[in-house]
Amino acid sequence: MNAATNRRTHQRRRRFRALAFSWLATIAASVPAAAQPVPTFTKDIAPIVWTRCASCHRPGEIGPFNLLTYEDVRQRATLIAAVTARRIMPPWKPEAGKGDFQDARALTPHELESIQRWIAGGAPEGTPADLPPMPTWTDGWRLGTPDLVVGMREVYTVPADGADVFRTFVISIPVARSQYVRAIDFRPGNARVVHHANIGVDRTRSSRLLDERDPGPGYGGGMVPSATYPEGQLLGWTPGQAPHAVPPEMTWRLDPGSDLVVQLHLQPIG
């Protein structure tokens, strides 16, 4: 064997050893992930569910079933695996990686991975001692007692079945002088039937006249052009949405004689 052949042989051996070490390193790196213990409800999943799901999936809210206890979640495990994997739940429309948003409701990658591994691993309950205290949700005004409360004068009854209802309600605002609003909190009488609300302010009598012409509370259809969002605002409500105050420089003016116009998408629930 000449010197040139000997060098090539040693080079091939070094390359083989490098490939072998690389392959072994890849296997070693994958072992810890595969060996991770399966998450448990009491230690890992309950905090996620209570933070991301229970604002809607609890008694009196719009969720069609509760997601509070281990049994609540376990019996819906297959459904939860599907809707979280497809990013249908929790509802959050902005695409990942398209910007950072305050109070984002989407599952983090770690939360989603924990839920999927927990369900794939048989959805174990875990040790009761690991379960943290369940949060206390506020049933009243979530920003404290408002300076002004306005509401409907008549109850509107949603049909038990049939098509969804789109109806707009006009509520007079009793203010004697112009004021500036920093926050609103919307409280439906029955959150189960309210899909969402769009809220505008009408400084004319247009919405009020439509309401007066309709024999029932409110009127069928959407908001008229004179019922607009205040400057720089997009007022509305969806299930699970928390109220928040705007920065001081973004408060909006509310003038005497204005009406609050609330367009509701209502759902029959039987």
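Tabulated data
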read-out	value
Qualifying positions in region 61-75 - of a type outside the set (A, V, I, L, M, F, W, C), crowded, with 16+ Cβ neighbours inside 10 Å and either free of Cβ contacts under 8 Å to residues at least 60 places away in the same chain or not assigned by TED's automatic domain parsing to the domain that holds Arg117 (or both)	Asn66, Tyr70, Asp72, Arg74
For Gln179: the one exception among (1) touching a Lys or Arg at 6+ places or on another chain (Cβ under 8 Å); (2) assigned by TED's automatic domain parsing to the domain that holds Tyr70; (3) of a type in the set (S, T, N, Q)	(2)
Sole residue being part of a loop (DSSP other than H, G, I, E, B), modelled with pLDDT of 95 or more and either of a type in the set (D, E, K, R) or over 21 Å from the mean Cα position of the chain (by Cα) (or both), chosen from Pro217, Pro230	Pro217
Residues located in region 218-245, provided they are out of contact with any Phe, Trp or Tyr (no Cβ under 8 Å at 6 or more places or on another chain) and of a type in the set (A, V, I, L, M, F, W, C)	Met223, Val224, Ala227, Leu234, Ala242, Ala245
Number of the condition not met by Val38 [criteria: (1) more than 31 Å from the chain's Cα centre (by Cα); (2) at pLDDT 90 or above]	(1)
Yes/no for Ala106 being in the same structural domain as Thr69 (by TED's automatic domain parsing), over 18 Å from Pro37 (Cβ atoms) and modelled with pLDDT under 95	yes
Scan of region 183-214 for residues that are more than 28 Å from the chain's Cα centre (by Cα) and among the small types (Gly, Ala, Ser), ordered by number	Ser206, Ser207
Residues located in region 62-78, provided they are within 22 Å of Gln241 (Cα to Cα) and among the aromatic types (Phe, Trp, Tyr)	Phe65
The one condition in (1) at pLDDT below 85; (2) not in a helix (DSSP H, G or I) that Ile27 fails to fulfil	(2)
Selection count where residues are among the polar types (S, T, N, Q) and either assigned to a helix (DSSP H, G or I) or farther than 19 Å from Pro124 by Cβ (or both), scope region 37-76	4
Total residues in region 99-145, condition farther than 21 Å from Arg58 by Cβ and of a type in the set (D, E, K, R)	4
Conditions (1) surrounded by 15 or more Cβ atoms within 10 Å (Cβ to Cβ); (2) farther than 25 Å from Pro247 by Cα; number of the one not met by Ala106	(2)
Search result, residues across region 188-202 that are surrounded by 15 or more Cβ atoms within 10 Å (Cβ to Cβ) and assigned to a loop (DSSP other than H, G, I, E, B)	Pro188
In region 109-145, the residues that are in a loop (DSSP other than H, G, I, E, B), surrounded by 12 or more Cβ atoms within 10 Å (Cβ to Cβ), out of contact with any Phe, Trp or Tyr (no Cβ under 9 Å at 6 or more places or on another chain) and modelled with pLDDT of 95 or more	Gly121
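The values are calculated or read from the model by the stated rules, or taken from the named source; none is laboratory data. Keep in mind that this is a model prediction, so the values were computed, not measured. All Cβ positions, glycine included, derive from the backbone under ideal geometry; neighbour counts span all protein chains shown.
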